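What follows is one structure encoded as structure tokens, with my remarks underneath.
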Amino acid sequence: MIDFEKLRIFYHVAKEGSVKRAAQTLEKNPTSVWKHIMDLEHYFKTKLFLRRKKIGLELTELGKNLFKDVNNLIPSLERACTHYAQEEKPKDDLFIITTNGVVSIWLIQKLKPFLEYKQNLKIRISTTNSEVDFLNSKADIGILSKVNYSEGLTQQKLLTYHSKLFASQEYLDKYGIPKTFDDLKNHKLISFYPELPGYRGNVDWHLQENMPLHTLRESWLAVNSAVCQLEAARQGLGILAIPKETPLLQDAGLVEVLPNEVGPTFDVQFITRAADFQSRLIRECYEFLKL
């Protein structure tokens, strides 16, 4: 029978690609970590890692297969062990991961009544532009667009955003009012990304709309912050695409552009691990956010 602790150590070494980094994560001595790896290799009677100059550790074919088998198992077991070890101690902190777009603005405003209700609760929020591997993250909750199906996750829709185009009156007075999407080629466009990563969905849909396949309109200003985008538009720097439900939009003094055109919609999801969704604190957070 293989010792669970040895498999756990193997998982972290394979994930980090380094005994030293895995030892730091596990809070163990690197020598002890490597001894567990050697014990596993002795059990399987073959190497799990190869040492390569410059790139460090490389998984063998058996190592790759073993990592594939334990990739979801070990994080789930670690969470279960942590959950049962702390079962008698009420959780007093939450780690939330979200985007640094308009969702993060909405989230901060929605958290106010929840924090007033749970005054001893500590919340840490991390924003990202990257695709989130939530199941293997350290976050308790994800406030994100729908992620691809993954066993062990639960996703609950919180709201739907409707993206539209906006600009300042100053900008429109200076550059004119576009009447069609084709007119946008003569305008300064504000985008989230200089190029459009496929996994980010339709956040910069105005660069694609009515364009030939695999081509984009040129973005004059790319800034990966919803607050900065709003300020750029408010300063008359261009036209941006942003959900009409954005909390700060009503005070920005912007004018809707091409109001009769229908932009894309996207749902914001409350994402957590299926087992965690049953916890009282996470359920309470969900109930407040969905109001």
Rounded to one decimal in nm, the spacing of the 7 Å Cα→Cβ label points at K174 and E58 is 5.5
Dividing the helical contributions, -39500 (n - 2.57) per DSSP H run of n ≥ 4, by the residues of the chain yields a 222 nm value, nearest 500 deg cm²/dmol, of -10500 deg cm²/dmol
Per the Cα gyration tensor, segment 4-85 corresponds to an equivalent ellipsoid with semi-axes, largest first in Å, of 21, 15, 12
The answer for the longest stretch of the chain without any exposed trypsin sites (Lys or Arg not before Pro) (DSSP loop, at most 11 further Cβ atoms within 10 Å) is 180-291
In the chain, whole DSSP H helices that both stretch 20 Å or further along their axis by alpha carbon positions and average at least -1.0 on the Kyte-Doolittle scale are 30-44, 102-117
Computed from the beta carbon distance with a Förster radius of 41 Å, FRET efficiency for Q235 and A274 to the nearest 0.05 stands at 0.35
Placing each pseudo-label 7 Å from Cα in the direction of the beta carbon, K68 and D93 end up separated by a distance in nanometres of 3.7
Among the Cα-Cα pairs of the chain, the proportion with separation greater than 28 Å, in percent, is 53
Taking alpha-carbon centroids only, segment 11-33 lies from segment 252-271 a number of Å equal to 46
Per its Cα gyration tensor (rounded if a/c is under 1.5, else prolate when a/b beats b/c, else oblate), segment 161-266 is best filed as rounded
Here the relative contact order (percent) of segment 4-85, from C-alpha pairs under 8 Å and at least 6 apart, is 28
W205 and K35 label points (each 7 Å along its Cα→Cβ direction) are spaced in nm at 5.9
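We did not get these values from a lab; they are worked out from the coordinates using the rules stated. All values derive from a computational prediction rather than experimental measurement. Ideal geometry is used to build each Cβ from the backbone, glycine not excepted, and the neighbour counts take in all protein chains shown.
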